[in-house]
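See structure below.
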Amino acid sequence: MSESRVTITLTRDEALVLSHWLEKLQMTDLGRVVDDPAVWAPIHRIAGTLDKALPELFAPGYDQRLEAARQRLRPED
């Protein structure tokens, strides 16, 4: 029996913000946050997929694009 797939669709803003957060997560002491080693496989898969799908991660002006995406995603007061 093969495993079925789950597809998640994100806006470009959502993908950019999530990618940045996952990068920060991976650079911290994750033992306190991720207590199950099985969680690492999907975290790495998602992060790798976002890296490939978002060339702007490595382009000049990344910080400005990230902040603009954050602003658009924040709920209005």
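Inspect all residues belonging to the stretch 59-70 and state whether any of them is assigned to a loop (DSSP other than H, G, I, E, B), open to solvent by less than 70 Å² (accessible area, probe 1.4 Å) and among the small types (Gly, Ala, Ser).
Just the residues of the stretch 59-70 that are assigned to a loop (DSSP other than H, G, I, E, B), to begin with: 59-61.
Of the ones still in play, those that are also open to solvent by less than 70 Å² (accessible area, probe 1.4 Å) are 59, 61.
When the remaining residues are screened for being among the small types (Gly, Ala, Ser), the result is 59, 61.
Yes - at least one qualifying residue is present in the stretch 59-70.
Test residue 51 against the criterion of being surrounded by 13 or more Cβ atoms within 10 Å (Cβ to Cβ) and of a type in the set (Asp, Glu), and give yes or no.
yes
Pairs, please: C-beta under 9 Å, at least 6 apart or cross-chain, first residue closer than 13 Å to residue 21 by Cβ and in the stretch 44-56, second among the β-branched types (Val, Ile, Thr)?
46/8
Among the residues of the stretch 2-42, write down those that are surrounded by 13 or more Cβ atoms within 10 Å (Cβ to Cβ) and either farther than 23 Å from residue 64 by Cα or of a type in the set (Val, Ile, Thr) (or both).
Within the stretch 2-42, 17, 30, 34 qualify.
The values are calculated or read from the model by the stated rules, or taken from the named source; none is laboratory data. Only a predicted model underlies this, so the values are computations on that prediction, with no experimental measurement involved. In this analysis, Cβ positions are derived from the backbone assuming ideal geometry, glycine residues included, and neighbour counts consider all displayed protein chains. For accessibility, only protein heavy atoms count, side chains too; no ligands or nucleic acids. Shrake-Rupley method; radii C 1.70, N 1.55, O 1.52, S 1.80 Å.
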